[in-house]
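Here the structure comes first, spelled out in structure tokens, and everything after it is commentary.
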Amino acid sequence: MKYNRRKFIGLSALGLPFLAAPKNFGHALYQPEITKENAPIVIATWDFGVAANAAAWKVLKEGGLALDAVEQGVRVPEADPTNPTVGIGGYPDRDGKVTLDACIMDHLGNCGSVAGLEHVVHAISVARKVMEKTPHVMLVGDGALQFAMEEGFKKENLLTAESEKEWKKWLKTAQYKPIINIENKAFAPKRLPGNKFNHDTIGMLALDANGNLSGACTTSGMAFKMHGRVGDSPIIGAGLYVDNEIGGATSTGVGEEVIRNVGSFLVVELMRQGYSPEEACKEAVMRIIRKKPETAKEIQVGFLALNKKGQYGAYAIQKGFSFAVCHTENQKLVVKGNSYYG
Ligand code: ASP
């Protein structure tokens, strides 16, 4: 990157600023090295990323598009009723409604998103349709559902018996008002062993054999959130960002803090400045910690990043954040992310 920048400055110095600065300035100048060793590759948040990566890998190993890979990948946890944080079986909001947030972004900078979507398992596929079939980026609530119905998605009940049981249990003690971090304190880990927080997201980033990046992010959000609450996951720049020139990033954890810091965009911009994926994730986490040290002690936020060379990294506030990596040599790698606490 630095080399290319010098090259640009050099050409400008020769009195050729117009020749040296084509319209798509960055794209023309940044020439990443892509080798067989690091593309294709797919990475995803948490241990459940392993199964999701396997579906994405089927697309990537055939030379398919990163965009198709990430969509197919995250559909796996969306369809898993035993996963209480994504898709069907996700814990509902305080009113007992399962509302999903998702977004997708491709190598051309196209993106689509849905927030507060009810009754449709594959929020990510609705988000892709928003991207491909509408002039908009984001559809929410009833409008998102209406669009999904028009596109032929099946309407179904996303509240499983297990999730309903947990919600009713929560109702016994919960006050009907937002309580910061109540999700963290109210529950022992039940359905996600090893995870002390009652909320998660699948965020996935893929680099395909052609060296193109895409990302997807999908969640049922914070358990027992207020009805209408939207987290970071469907917000481009917060829960997910992809810049095909540099890399991609995604996040998991308390979405409000990620939104406040435009987390995933920040990670990508830090990689643009030369940070490694892990360093970039760490700096984004540090912004959250520095701004609200007391809050940060009590919450989890993790970032995951993949750069254009296929290098990856992650960093979280709390220990326990894992991510899954899948590439030619190892399709089931689970990496324990580094963290500020622990
Ligand atoms: N980021 C998600 C949200 O705030 C939850 C999570 O990933 O833990 O909705």
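The values are calculated or read from the model by the stated rules, or taken from the named source; none is laboratory data. Only a predicted model underlies this, so the values are computations on that prediction, with no experimental measurement involved. Note that each Cβ is placed from the backbone with ideal geometry, even for glycine, and that neighbours are counted across all protein chains shown.
Computed quantities for the displayed model
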{"quantity": "Count of residues meeting criterion [more than 8 Å from the ligand (Cβ to nearest atom) and not acidic (D, E)] in region 250-264", "calculated": "7"}
{"quantity": "Strands (runs of 3 or more DSSP E) completely within region 36-149 that count 2 or more residues being buried (at least 22 other Cβ atoms within 10 Å of the Cβ) and in contact with a Phe, Trp or Tyr (Cβ under 7 Å, 6 or more places away or on another chain)", "calculated": "41-45"}
{"quantity": "Tally, over region 206-243, of residues that are assigned to a loop (DSSP other than H, G, I, E, B), closer than 23 Å to W57 by Cβ, more than 10 Å from the ligand (Cβ to nearest atom) and in contact with a helix residue (DSSP H, G or I) (Cβ under 8 Å, 6 or more places away or on another chain)", "calculated": "3"}
{"quantity": "Region 265-283: number of residues that are touching a Phe, Trp or Tyr at 6+ places or on another chain (Cβ under 7 Å) and either within 13 Å of the ligand (Cβ to nearest atom) or farther than 15 Å from F323 by Cβ (or both)", "calculated": "3"}
{"quantity": "Counted residues, region 300-319 - those being in contact with a strand residue (DSSP E or B) (Cβ under 8 Å, 6 or more places away or on another chain) and either charged (D, E, K, R) or modelled with pLDDT under 90 (or both)", "calculated": "2"}
{"quantity": "Test for V114: is it touching a Leu at 6+ places or on another chain (Cβ under 7 Å) and within 16 Å of the ligand (Cβ to nearest atom)", "calculated": "yes"}
{"quantity": "Enumerated strands (runs of 3 or more DSSP E) restricted to region 244-342, each holding at least 1 residues that are at negative phi and aliphatic (A, V, I, L, M)", "calculated": "247-253, 301-307, 312-318, 322-327, 333-336"}
{"quantity": "Filter pass, E78 being touching a helix residue (DSSP H, G or I) at 6+ places or on another chain (Cβ under 9 Å), of a type in the set (D, E) and over 24 Å from L205 (Cα atoms)", "calculated": "no"}
